[in-house]
1. Subtract the Cα-Cα distance of E91 and K109 from 0.36 nm times their separation in residues, and report this length gain in nm to one decimal.
2. Full extension from A77 to V153: what is 0.36 nm times the residue separation minus their Cα-Cα distance, to one decimal in nm?
3. Roll a 1.4 angstrom probe over the protein heavy atoms and tell me the percent of accessible area of the chain that is carbon or sulfur.
4. For R63 and Q119, what does the FRET efficiency come to when R0 = 41 Å and r is the distance between their Cβ atoms, rounded to the nearest 0.05?
5. Kirkwood Rh over alpha-carbon pairs of the chain, then Stokes-Einstein at 4 °C and 1.567 mPa s: what D in µm² s⁻¹, rounded to an integer?
6. Suppose all protein chains stay in the model; what accessible area per residue would a 1.4 Å probe give for region 122-161, in Å²?
7. Which links in K87/K156; K55/K157; K105/K156 stretch past 25 Å when you go from one Cα to the other?
8. With N set to the number of residues, divide the alpha-carbon radius of gyration of region 1-104 by 2.2 N^0.38 Å and report two decimals.
Amino acid sequence: MYYRMDYESPLGSIFLASDGEYLIGLWFEGQKYFEESKAKEMCEKKNLQVFDKTKDWLDRYFRGEQPLIAKLPLSPAGSDFRQEVWKLLCEIPYGQVTTYGEIAKKVAKKLGRETMSSQAVGGAVAHNPISIIIPCHRVVGADGSLTGYAGGVEKKKKLLELESAQFVSDMKVMI
């Protein structure tokens, strides 16, 4: 059985999903890839410990604190490749950004390959089922542009502003 709960954030409604023990999903309302990521059968259940921990984490995050990802029980579903990319996303420090190309280099090294496609990494980043907590919003284009975010580029910009990432211009981040 899978469970769901809604959370109202400063950036709009967020949908939380759990298997009862782990957080398996966190999406903005209307987020790209949401329907294909969520489990089909979910019932609303607000009193799960994992939801309490996640709400506390989100409250702290939106107050500008830097809650630790490791404090939450996460279990995103995805291929081994996507899991590797998502682990690397969790290593991006609060308020900092990296590029798809840099992640591709790290994944290639972990997998014992000479190279890795930035586009493949982009696909894994885009399909991250636990937005914000697994910080896919901290990944930018090679030129610092705020390319792609399944929740919308404006939300990505606001998340980076909340983290005090340094913007060079309206849609570019200082790396």
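1. Extra length available between E91 and K109 comes to 4.9 nm.
2. Residue separation times 0.36 nm, minus the Cα-Cα distance, leaves 25.0 nm.
3. The value for the chain is 48 percent carbon and sulfur by accessible area.
4. Calculated value: 0.70.
5. For these conditions, the coefficient is 79 µm²/s.
6. 26
7. none
8. Relative to the 2.2 N^0.38 Å estimate, region 1-104 comes out at 1.10.
The values are calculated or read from the model by the stated rules, or taken from the named source; none is laboratory data. Keep in mind that this is a model prediction, so the values were computed, not measured. So basically every Cβ, Gly included, is an ideal-geometry build from the backbone, and we count neighbours across all protein chains shown. All accessible areas refer to the heavy atoms of the entire protein, side chains included, with ligands and DNA or RNA removed. Shrake-Rupley method; radii C 1.70, N 1.55, O 1.52, S 1.80 Å.
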